[in-house]
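This report refers to the structure that appears directly beneath it.
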Amino acid sequence: MKTILWATLSANGNYAQSSPENPPKKEALEDFITHAKAAGNFIVGRKTFEGMLASGGGGEDFANLDIVVISRSNKEIPGATIVSSPQEALQFLNEKGHHTALLSGGADLHNSFLTENLVDEIVLNIAPVLEGKGLNLLINKSKYTFKPIELLNVKSLGNGVVHLHYKV
Ligand SMILES: NC(=O)c1ccc[n+]([C@@H]2O[C@H](COP(=O)([O-])OP(=O)(O)OC[C@H]3O[C@@H](n4cnc5c(N)ncnc54)[C@H](OP(=O)(O)O)[C@@H]3O)[C@@H](O)[C@H]2O)c1
């Protein structure tokens with residue numbers, strides 16, 4: 001099972017956050033939907049999925065996708081499968097015959113996969129926005145470490161959004 005971490009970063013390198021006043025860029029959202037449809041699924045943190053539902057959900061775009069929500073509280077969410085760990089999410093998708101798992105965020109979920117070495121590829125869309133104190137993608141939450149990765153592709157998505165694709 002190949003895992004692809006998909007995320008948007010701000011131009012100053014933060015893990016971009018969105019809100020009704022600061023919605024995600026259309027180009028980044030379209031790129032997410034393209035990747036989710038190609039994978040046939042996405043794995044998402046409970047807080048991000050609740051945010052998606054509050055903003056109207058993906059409608060038709062999410063209709064045929066396996067949506068896996070990771071939550072320690074394990075409460076039911078209509079339209080999604082709830083699991084309690086990254087490993088359980090990957091096992092579920094593997095058993096359903098998926099070859100790729102798309103990791104759609106948020107930061108807590110992405111950093112869980114990164115710190116457990118469960119990420120094979122990374123897709124980053126750099127949005128033309130600067131942020132103040134915020135979130136980060138981290139391979140180690142407690143100390144400085146580094147890991148070189150390989151750049152596979154760069155392209156412009158338009159409207160100032162730059163798309164980077166890496167192999168870990
Ligand atoms: N830049 C991007 O591409 C991007 C993408 C998505 C979201 N976002 C932003 O990210 C922010 C939300 O991220 P977040 O970090 O606060 O929340 P999140 O990762 O969406 O959700 C966190 C919750 O997911 C569950 N979870 C995460 N890792 C887990 C693990 N290893 N095991 C079990 N459960 C786990 C827990 O749920 P329970 O509390 O239920 O146990 C945890 O409280 C928002 O600001 C949103 O705008 C950005």
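The values are calculated or read from the model by the stated rules, or taken from the named source; none is laboratory data. Given the structure is predicted, the values throughout are model-derived calculations rather than measurements. Cβ placement follows ideal geometry from the backbone for every residue including glycine, while neighbour counts extend to all protein chains displayed. The accessibility values were calculated without ligands, DNA or RNA, using every heavy atom of the protein model including side chains. Shrake-Rupley method; radii C 1.70, N 1.55, O 1.52, S 1.80 Å.
Report the residue count in the stretch 91-120 for those that are over 15 Å from Asn41 (Cα atoms), of a type outside the set (S, T, N, Q) and either within 15 Å of the ligand (Cβ to nearest atom) or surrounded by 19 or more Cβ atoms within 10 Å (Cβ to Cβ) (or both). Write out each step before concluding.
Pass one, the stretch 91-120, residues over 15 Å from Asn41 (Cα atoms): 106-120.
If we keep only those that are of a type outside the set (S, T, N, Q) as well, we get 106-110, 113-114, 116, 118-120.
Remaining after also requiring either within 15 Å of the ligand (Cβ to nearest atom) or surrounded by 19 or more Cβ atoms within 10 Å (Cβ to Cβ) (or both): 106-110, 113-114, 116, 118-119.
The total comes to 10.
I want to confirm something. Restricting to the stretch 132-155 and keeping residues that are open to solvent by 40 Å² or more (accessible area, probe 1.4 Å) and in contact (Cβ under 8 Å) with a residue 60 or more places away in the chain, which single residue is nearest to Thr3 (Cα to Cα)? Quick ask: steps written out before the conclusion?
Step one: of the stretch 132-155, the residues open to solvent by 40 Å² or more (accessible area, probe 1.4 Å) are 132-133, 135-155.
Now restrict to residues that are in contact (Cβ under 8 Å) with a residue 60 or more places away in the chain: 135-137.
Values: Leu135: 21, Asn136: 19, Leu137: 16 Å.
The qualifying residue nearest to Thr3 (Cα to Cα) is Leu137.
Does the stretch 3-26 include one or more residues that are modelled with pLDDT of 95 or more, over 13 Å from the mean Cα position of the chain (by Cα), hydroxyl-bearing (Ser, Thr, Tyr) and more than 19 Å from Gly134 (Cβ to Cβ)?
No, the stretch 3-26 contains no residue that is modelled with pLDDT of 95 or more, over 13 Å from the mean Cα position of the chain (by Cα), hydroxyl-bearing (Ser, Thr, Tyr) and more than 19 Å from Gly134 (Cβ to Cβ).
Can you tell me how many residues within the stretch 57-90 are more than 17 Å from the chain's Cα centre (by Cα) and more than 19 Å from Leu114 (Cβ to Cβ)?
Residues flagged as more than 17 Å from the chain's Cα centre (by Cα) and more than 19 Å from Leu114 (Cβ to Cβ) within the stretch 57-90 amount to 11.
Any chance the stretch 78-86 includes a residue that's in contact (Cβ under 8 Å) with a residue 40 or more places away in the chain and β-branched (Val, Ile, Thr)?
Step one: filter the stretch 78-86 for residues in contact (Cβ under 8 Å) with a residue 40 or more places away in the chain, giving 86.
In the following step, the residues that additionally are β-branched (Val, Ile, Thr) were identified as none.
Looking for residues that are in contact (Cβ under 8 Å) with a residue 40 or more places away in the chain and β-branched (Val, Ile, Thr), one finds none in the stretch 78-86, hence no.
Taking the stretch 88-126, which residues are without any contact (Cβ under 8 Å) to a residue 12 or more places away in the chain, under 23 Å from Lys167 (Cβ atoms) and assigned to a helix (DSSP H, G or I)?
Those that are without any contact (Cβ under 8 Å) to a residue 12 or more places away in the chain, under 23 Å from Lys167 (Cβ atoms) and assigned to a helix (DSSP H, G or I): none in the stretch 88-126.
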